[in-house]
Amino acid sequence: MKNPPFNYHRPATLTEALDLLAAHGDDAKVLAGGQSLLPVMALRLGRPDHVVDIAAIDELKHIATASGALSLGAMVRHAQAETSPMVAEHAPVVAAALPHVGHRAIRNRGTVVGSIAHADAAAEMPAVCLTLGATLHLASATGTREIAAADFFLGFFTTAALPEELVTSVTFPPWSATSGGAVVEISRRHGDYAMCGLACAIDVADGVIESAALSFFGVASTPIRVAEAEAIVVGQRPSPALFAQAAEVVADVLSPDSDIHATANHRRQIAAVLTRRGLAQSADQIGIPV
Amino acid sequence: MNLPSIRAAIGETISVTTTINGASRRFDVEPRRSLADVIRDEAGLTGTHLGCEHGVCGACTVLLDGEPVRSCLMLAVQADGTEITTIEGLANADGSLHPIQQGMYDAMSFQCAFCSPGFLMSAVALLRDNPNPSTNEIREELSGNLCRCTGYQSIVEGVETAVRIMGAQQ
């Protein structure tokens, strides 16, 4: 459908953008790449009075590192991150997720931070943020604040960001040589939303898993970590038996919904398979073939 | 980029300048209008097709500064200052076909052909970046385009035929 009418703003500076959000609050929506917002408007799932296009704001376009942590500004498009050597080096799990995000034409326009702020529970980036312990940086006309990914996703398309706030960037903590991670998913068609997906990472010292993060997407109203399965593998040496044990726990703990794409039971089985696959790929990445 | 701040209330228009298939064009458009609508209705280039108008079917794919994008998922005002190539920009001035057009013609990659402009524009970008893709790479790159007639086999064969044509030209 054609887009409904709206008041359009393209501020040149962040300050102006934040003033617009302060003035219009819930009646305004931020337009970055538009690959989520424009379908939402076309389908009349949302009809904002004001659209604030942040594409002209130069300070939102950075890909940068500080003390090993990678920061992506709100206007960094998926395709830019996908081809960035800095992202590949400092956040390989982000790089692993990017080819799964939509189709190429979508990645050429859509932004990483936009995908996080949109908070689709079936999308890759929110789960990656959860697994890596990313920090979201928010700004409003009255100040700035940081929110940990674990506190950011509240429900279907719902985050802790207030209507007058803009997510200006995301920071991923330093990645270590003793870390391995993977993003694995099963979808009906490459580039479609996954029936179930997993973003995982492990840290290994002296052959023993020191920490693990398993975040599943497409199985709940937000991306979710399965602490019970993480606890199974921590303190143990990577092995097929160990990962199979974790997979069983995942299938027990998750309670996904059934829909047109997959039944709940099917999703649980996929989650178990992905657990084994993702953990094996993670271990392999740090030179421990499983 | 450092563009000046722009604002348009409902009903107001914004001046947008783009280069379409090599020719500079200026339009006064309401911000709500998609790039696809402006390409079709203002520029008169109706080869860009609109199937779903919410980013699923890929029929409206055009090249924006050389990269494939869905023109239904862009506002025309977002295209200000960009260079756009549509299906009309593929053939040479003398009317001879672009290798990807010739390849798909030879392989009969069309039935109703509604989806073809989108497939062609996606394939142009694919072959530019990867002149010798595997069948799987072709399928993956074209996965964002839907065809309801062919079953895709002939479309993949069309791209493979184009690869051979381009190889023979070198």
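The values are calculated or read from the model by the stated rules, or taken from the named source; none is laboratory data. Note that this is a predicted model, so its numbers are computed, not measured. Using ideal geometry, Cβ is built from the backbone for each residue, glycine included, and neighbour counts are taken over all protein chains shown.
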Study note, to complete from the structure: Output for Cβ contacts, cut-off 6 Å, separation at least six or different chains, first residue more than 9 Å from chain A (Cβ to nearest Cβ) and surrounded by 19 or more Cβ atoms within 10 Å (Cβ to Cβ) in region B:133-146, second outside any loop (DSSP other than H, G, I, E, B) and of a type in the set (A, V, I, L, M, F, W, C), reads B:Ile138/B:Val156; B:Ile138/B:Val159
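Quick one: would you say B:Ser96 is more than 9 Å from chain A (Cβ to nearest Cβ), part of a strand (DSSP E or B), out of contact with any helix residue (DSSP H, G or I) (no Cβ under 7 Å at 6 or more places or on another chain) and of a type outside the set (D, E, K, R)?
Values: more than 9 Å from chain A (Cβ to nearest Cβ): yes; part of a strand (DSSP E or B): no; out of contact with any helix residue (DSSP H, G or I) (no Cβ under 7 Å at 6 or more places or on another chain): yes; of a type outside the set (D, E, K, R): yes.
No: the conditions fail for B:Ser96.
Given the residues B:Gly158, B:Gly167, which is the only one that is at negative phi, loosely packed, with under 13 Cβ neighbours inside 10 Å and not in a loop (DSSP other than H, G, I, E, B)? Please lay out each step first, then the result.
On the way: B:Gly158 fails: loosely packed, with under 13 Cβ neighbours inside 10 Å.
Every option except B:Gly167 fails the conditions.
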Review point. Given (1) touching a strand residue (DSSP E or B) at 6+ places or on another chain (Cβ under 8 Å); (2) within 22 Å of A:Ala28 (Cα to Cα); (3) within 14 Å of another protein chain (Cβ to nearest Cβ), where does A:His100 come up short, assuming only one miss?
Key: (2)
Practice item. Considering each residue of region A:1-50, count those that are within 16 Å of B:Arg7 (Cβ to Cβ) and facing another protein chain (nearest Cβ under 7 Å), and give that number. Key: 9
Check your understanding: Hey, any hits in region B:55-65 for a residue that's crowded, with 20+ Cβ neighbours inside 10 Å, within 7 Å of another protein chain (Cβ to nearest Cβ) and under 29 Å from A:Ala17 (Cα atoms)?
Key -> yes
Exercise for review: Look at A:Arg189 and say whether it is modelled with pLDDT of 95 or more, outside any strand (DSSP E or B) and surrounded by fewer than 20 Cβ atoms within 10 Å (Cβ to Cβ).
Suggested key: no
Point to revise | Residue that is nearest to the other protein chains (Cβ to nearest Cβ) [pool: residues in region B:16-27 that are touching a residue at least 40 places away in the same chain (Cβ under 8 Å) and surrounded by 12 or more Cβ atoms within 10 Å (Cβ to Cβ)] | key: B:Val16
Check your understanding: Is there a residue being touching a Gly at 6+ places or on another chain (Cβ under 6 Å) and either surrounded by fewer than 19 Cβ atoms within 10 Å (Cβ to Cβ) or β-branched (Val, Ile, Thr) (or both) anywhere in region A:15-35?
Key -> no
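Looking at region A:68-162, what helices (runs of 4 or more DSSP H) fall wholly within it and have at least 1 residues that are among the aromatic types (Phe, Trp, Tyr) and more than 25 Å from A:Glu230 (Cα to Cα)?
Per the criteria, no element qualifies.
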Review point. How many residues does region A:248-272 contain that are in contact with a Leu (Cβ under 9 Å, 6 or more places away or on another chain), without any contact (Cβ under 8 Å) to a residue 60 or more places away in the chain and under 22 Å from A:Gly133 (Cα atoms)?
Key: 1
